[in-house]
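Comments concern the structure below.
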Amino acid sequence: MPTTDAEVERVRELVAAIPPGRVATYGDIAAAAGLSTPRTVGWIMRTDSADLPWHRVLRANGTPAPHLAHRQLAELAAEGCPITDGRVELRRARFRFAES
């Protein structure tokens, strides 16, 4: 099933809501947006996130995509995000979306 414009906008709203120093996983965003898979969030982020705080979205284990790791971790560290051995400490930094 194709991704709708409404789903794209919902993901964009959720990513924009993540405050500095906090992060969310692709799965967190998919769940909050009512999407069936985190892969949809990844696709949206690849195609439509240049104006969003994309660096605040991580994989489920708290790591960035390898091709973005250095830049993403540097941006998160500058915001005060807790990072240990190239991995964000999700217990401390995970942003919880409000139920809607």
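Meeting the requirement of 1 or more residues that are more than 10 Å from the chain's Cα centre (by Cα), exposed (fewer than 13 other Cβ atoms within 10 Å of the Cβ) and without any contact (Cβ under 8 Å) to a residue 40 or more places away in the chain, the helices (runs of 4 or more DSSP H) wholly within the stretch 1-99 are 5-17, 38-47, 69-78, 90-93. Residues in the stretch 23-45 that are out of contact with any Phe, Trp or Tyr (no Cβ under 8 Å at 6 or more places or on another chain) and more than 19 Å from R91 (Cβ to Cβ): A30, A33, G34, L35, S36, T37, T40, W43, I44. The single condition from (1) in contact with a Pro (Cβ under 9 Å, 6 or more places away or on another chain); (2) modelled with pLDDT under 95 that H67 fails is (1). Does A98 satisfy the condition of being under 17 Å from L14 (Cα atoms) and in contact with a strand residue (DSSP E or B) (Cβ under 9 Å, 6 or more places away or on another chain)? Considered against the rule, which asks whether it is under 17 Å from L14 (Cα atoms) and in contact with a strand residue (DSSP E or B) (Cβ under 9 Å, 6 or more places away or on another chain), A98 comes out as no. Could you run through the stretch 46-64 and say how many residues are modelled with pLDDT under 95 and aliphatic (A, V, I, L, M)? Looking only at that region, the number is 1.
The values are calculated or read from the model by the stated rules, or taken from the named source; none is laboratory data. Note that the coordinates shown come from a computational prediction; the quantities given were computed from them, not determined experimentally. Cβ sites come from the backbone with ideal geometry, for glycine too, and all protein chains shown count toward neighbours.
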